[in-house]
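The block underneath contains the structure these notes are about, expressed in structure tokens.
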Amino acid sequence: MERDSRSPAGLAGPVAVGDSDRPLPRDPQSAGGRPVAVHLWSDIRAPRLLLDAQHSETLAQYTARTPSPGRYGLDGEQLAAVAEQVDLRGRGGAGFPFATKLRAVAAATAGEAGVAHVVANGEEGEPSSAKDRYLLATRPHLVLDGLLLVATALTAGRAHLYVSDDDLVPLLRAAVRELETPVPIEVFQAPRGYVSGEETAVVRALSGGPAKPTAKPPRPFESGVDGSPTLVSNVETLAHLARAVRFGPAMVACDGPAHAPGTTLLTVVPDIGTPRLVEVPFGVTLRQVLHALGGFTRGAAVPPLLAGGFFGGFLPQEALDLPISHDALRAAGPGLGCGAFLVLLHSCPVSAAADVLAYFDRENAHQCGACFNGTAAMHAALARLADGAALPDDIANLRRWGTTLPGRGACATLDGAARVALSLLEQHQELTESHVGERCVRCHEDAFDRSDTRFRVRWPTRPQEER
């Protein structure tokens with residue numbers, strides 16, 4: 001890919017040109033999935049990430065509603081201090097403290113200007129999440145503001161917007177052209193895939209290689225894009241950072257408890273019906289969220305669900321009344337992850353688990369033998385259970401694989417697949433065992449298309465008819 005040769009210190013504005021400007025072939029599933037509707041939570045006092053709007057926010061609109069836009073005077077330590085005051089953690093899945101990542105890249109550059117790379121990771125490979133696509137489509141200047149705050153604090157040589165959606169790429173390039181940026185920004189169109197957004201896959205793709213994970217170490221902060229120290233951050237994380245800087249940590253702390261200030265975005269996806277995107281304060285419970293959204297419960301009861309998207313696993317029923325936070329949900333098992341929750345209104349948990357494992361099997365990077373063979377084996381065992389054709393050792397094997405396979409791949413795909421299988425047995429043991437020797441009626445009546453997942457969602461780039 002051709003790089004922009006202008007001085008990193010100059011005003012860049014336009015995106016880099018070259019191979020990344022040529023549209024990739026359209027994925028036949030790119031327009032698939034159910035459109036997500038926004039639900040505005042009433043009890044939020046700080047400026048929201050979610051807006052009651054159907055169109056992309058312009059630079060003029062963002063500037064009008066944001067204090068001190070376009071000012072980038074914070075250094076790395078000052079920016080890290082703001083992130084610590086609001087306990088900002090990554091929203092891509094791991095929940096890693098943003099300040100720690102920022103300081104690691106700053107230390108790796110030893111203060112040398114023009115060395116670091118900063119990446120806004122918008123490759124939302126998680127099929128059940130739409131929050132990042134919403135932010136990029138509707139609030140591109142909020143994300144760009146966060147990206148530039150980090151890039152200028154690190155005196156980076158280049159910033160990158162890493163996305164795969166065909167409809168988002170021209171929108172984001174137009175948003176970049178509206179700016180006079182202190183750091184060059186490249187909008188990079190990545191191949192679509194579950195592992196394409198893993199941070200080492202991001203670095204590898206931006207460096208001219210395939211968008212597939214690599215073994216760690218080195219980690220991106222040590223050797224990232226083109227061998228340079230690189231900070232890769234999810235776009236929601238950058239949006240929260242921009243809000244904290246522009247409005248102040250005290251304003252962000254108006255929502256949520258003292259130990260978990262602020263808000264987070266959730267994508268709540270039923271197996272049937274309309275998925276919802278909602279911004280909630282930390283500290284509310286998942287049970288409160290599901291009842292407030294309407295249609296996600298069976299009277300007072302909450303149906304089985306998976307937390308943290310495909311990577312999380314089945315949530316214990318007692319965890320429904322825990323406050324939503326990274327620490328509380330991690331202690332319960334699945335963790336908050338990317339903020340996606342899959343609600344099984346109709347599906348049998350065994351069928352749903354087979355669906356998720358089938359997706360992992362299809363999306364495997366085909367790089368690590370343990371992952372390639374392990375996800376295929378777990379998928380096959382769960383498919384047999386759902387089809388009423390279980391083998392005598394299938395449940396025992398699933399329990400063994402769920403315990404011994406995590407940690408044996410270059411990325412965490414195998415860990416996620418094993419967690420789904422093991423959590424199914426832990427949270428729904430009797431139900432799963434009842435699938436041995438007889439066919440489950442609900443699994444038999446399952447009419448979902450097995451060529452893709454029933455939990456795929458999308459954020460429509462055109463105005464929604466129903467809000």
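The values are calculated or read from the model by the stated rules, or taken from the named source; none is laboratory data. Small disclaimer: the values here were computed from a predicted structure and weren't measured. All Cβ positions, glycine included, derive from the backbone under ideal geometry; neighbour counts span all protein chains shown. In case anyone asks, the SASA skips ligands and DNA or RNA and just uses the protein heavy atoms, side chains included. Shrake-Rupley method; radii C 1.70, N 1.55, O 1.52, S 1.80 Å.
Taking the range 46-67 as the range and being among the polar types (S, T, N, Q) and touching a Ser or Thr at 6+ places or on another chain (Cβ under 9 Å) as the test, the residues that pass are Q54, S56.
The number of residues in the range 326-351 that are open to solvent by less than 10 Å² (accessible area, probe 1.4 Å) and more than 15 Å from the chain's Cα centre (by Cα) comes to 8.
Yes/no per residue for (1) basic (K, R); (2) open to solvent by 30 Å² or more (accessible area, probe 1.4 Å):
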residue: D361; (1), (2): no, yes
residue: Q367; (1), (2): no, yes
residue: A380; (1), (2): no, yes
residue: A390; (1), (2): no, no
residue: D393; (1), (2): no, yes
residue: R400; (1), (2): yes, yes
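Total residues in the range 33-50 satisfying the condition of being crowded, with 18+ Cβ neighbours inside 10 Å and assigned to a loop (DSSP other than H, G, I, E, B): the figure is 7.
For every residue, the table says whether it meets (1) part of a helix (DSSP H, G or I); (2) over 28 Å from the mean Cα position of the chain (by Cα); (3) buried (at least 17 other Cβ atoms within 10 Å of the Cβ).
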{"residue": "A353", "(1), (2), (3)": "yes, no, yes"}
{"residue": "L357", "(1), (2), (3)": "yes, no, yes"}
{"residue": "A370", "(1), (2), (3)": "yes, no, no"}
{"residue": "N397", "(1), (2), (3)": "yes, yes, no"}
{"residue": "H435", "(1), (2), (3)": "no, yes, yes"}
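Of all the residues in the range 107-153, those that are assigned to a helix (DSSP H, G or I), more than 21 Å from V280 (Cα to Cα) and out of contact with any Phe, Trp or Tyr (no Cβ under 7 Å at 6 or more places or on another chain) number 8.
Per-residue answers, yes or no, for (1) farther than 12 Å from L144 by Cα; (2) assigned to a loop (DSSP other than H, G, I, E, B); (3) of a type in the set (D, E, K, R); (4) open to solvent by 10 Å² or more (accessible area, probe 1.4 Å):
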{"site": "A175", "(1), (2), (3), (4)": "no, no, no, no"}
{"site": "L179", "(1), (2), (3), (4)": "no, yes, no, yes"}
{"site": "R192", "(1), (2), (3), (4)": "yes, yes, yes, yes"}
{"site": "S223", "(1), (2), (3), (4)": "yes, yes, no, yes"}
{"site": "V245", "(1), (2), (3), (4)": "yes, no, no, yes"}
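For first residues located in the range 184-196 and more than 25 Å from Y359 (Cβ to Cβ) and in contact (Cβ under 8 Å) with a residue 12 or more places away in the chain, partners that are of a type in the set (D, E) and open to solvent by 20 Å² or more (accessible area, probe 1.4 Å) and lie 6+ apart or on another chain with Cβ distances below 7 Å form the pairs P184/D4.
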